[in-house]
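Have a look at the structure below, then the notes.
The values are calculated or read from the model by the stated rules, or taken from the named source; none is laboratory data. Quick caveat: nothing in here was measured; it's all calculated off a predicted structure. Don't worry about glycine lacking a Cβ; one is built from the backbone with ideal geometry, like all the others, and counts go over all protein chains shown.
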Amino acid sequence: MLSSLKEDPIKRRVRKLGRSFYRRPAENLARDLIGKVLVHRLGQTVMRVRIVETEAYVGEHDLACHASKGRTGRTEIMFGPAGFAYVYLIYGMHDMLNIVSGAVDDAEAVLIRAAEPLDGLRLDLSGPGKLTRALGITRADNGVDLTGASLFLMDDNAPRPRILRTPRIGVDYAGEWKDKLLRFYDADSRAVSKGGSFPATS
DNA sequence: GCGTCGATGGCA
DNA sequence: GCCATCGACGCG
């Protein structure tokens, strides 16, 4: 489990991702978010993790996207500018972190499903609910500007990971949209949810 | 190792 | 009544 410091992406030169990074189709953004570093400042604590799994929700026509029910109090944030957090509660107990993408009035977002801990942290981030819980991200973070100081992303300055795609998880109700290959993950990460591409470790 | 199921609350 | 989930439980 020991990793070399010189290969640790956060020890290298990195930069915070700005608004323009997010202002593009969710499908494209979801793929590019694999390997990026998510940073959450919580009081004195700063937690950094490397994103290894995402899903794209591509707009009002996507029956798996919350915005398919139109503008509501909850989905309004997705119709706004890119680069803001959309956090909601599911199954009465799990907060889901999404990143609004695309143009204004284009209700797209990317769900952050799993990550690997950095900085020697030992956290289980292998699922969207586990990730928000471990990082202390809640609905209080809904609407937060990701170009701000408390919750943001950084470029990783690392080789591009090998990325695979599958249908999204838990959207069997979404008709033809349930089979679209809009889930992306790092083929070489063991932190991917639901076992991913790795057999159980002994 | 894998399928099934209950918890739990906001939303339309 | 739905869920963009998780973990516990039972199987053999």
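Structure notes:
- Residues that are charged (D, E, K, R) and surrounded by 24 or more Cβ atoms within 10 Å (Cβ to Cβ), drawn from the stretch A:113-122: A:Arg113
- Filter result for the condition that a residue is surrounded by 16 or more Cβ atoms within 10 Å (Cβ to Cβ) and either in a loop (DSSP other than H, G, I, E, B) or more than 16 Å from DNA strand B (Cβ to nearest atom) (or both), over A:Ile77, A:Ile137: A:Ile137
- Flag for A:Arg122 being free of Cβ contacts under 8 Å to residues at least 24 places away in the same chain, outside any strand (DSSP E or B) and basic (Lys, Arg): yes
- Among the residues of the stretch A:80-92, those that are in contact (Cβ under 8 Å) with a residue 40 or more places away in the chain and either near DNA strand C (Cβ under 9 Å from one of its atoms) or assigned to a strand (DSSP E or B) (or both) comprise A:Phe84, A:Ala85, A:Tyr86, A:Val87, A:Tyr88, A:Leu89.
- Given (1) under 21 Å from A:Leu153 (Cβ atoms); (2) part of a loop (DSSP other than H, G, I, E, B); (3) in contact with a Ser or Thr (Cβ under 8 Å, 6 or more places away or on another chain), index of the condition A:Met96 fails: (2)
- Test: residue in the stretch A:85-104 that is among the β-branched types (Val, Ile, Thr) and at pLDDT below 95: no
- Selected residue (only one of A:Glu53, A:Glu27 is part of a strand (DSSP E or B), of a type outside the set (A, V, I, L, M) and more than 14 Å from DNA strand B (Cβ to nearest atom)): A:Glu53
- Checked against (1) surrounded by fewer than 14 Cβ atoms within 10 Å (Cβ to Cβ); (2) more than 10 Å from DNA strand B (Cβ to nearest atom); (3) not acidic (Asp, Glu), A:Met96 passes all but condition (1).
- As a summary of the residue check, A:Thr45 satisfies the conditions (1) more than 12 Å from the chain's Cα centre (by Cα); (2) surrounded by 13 or more Cβ atoms within 10 Å (Cβ to Cβ) except for the one numbered (2).
- Entry remark, the stretch A:93-108: residues being over 16 Å from A:Leu135 (Cα atoms), among the charged types (D, E, K, R) and under 16 Å from the mean Cα position of the chain (by Cα) number 1 in total.
- If you check A:Val58, A:Val110, A:Val37 for being crowded, with 19+ Cβ neighbours inside 10 Å, closer than 20 Å to A:Arg190 by Cβ, at pLDDT 95 or above and away from DNA strand B (no atom under 16 Å from the Cβ), only one passes: A:Val37.
- The listed residue being farther than 16 Å from A:Ile51 by Cβ, away from DNA strand C (no atom under 11 Å from the Cβ) and touching a residue at least 12 places away in the same chain (Cβ under 8 Å), out of A:Ala107, A:Ala174, A:Ala149, A:Ala158: A:Ala149
- The set of residues in the stretch A:83-93 being on the phi > 0 side of the Ramachandran plot and either among the polar types (S, T, N, Q) or more than 11 Å from DNA strand B (Cβ to nearest atom) (or both) consists of A:Gly83 alone.
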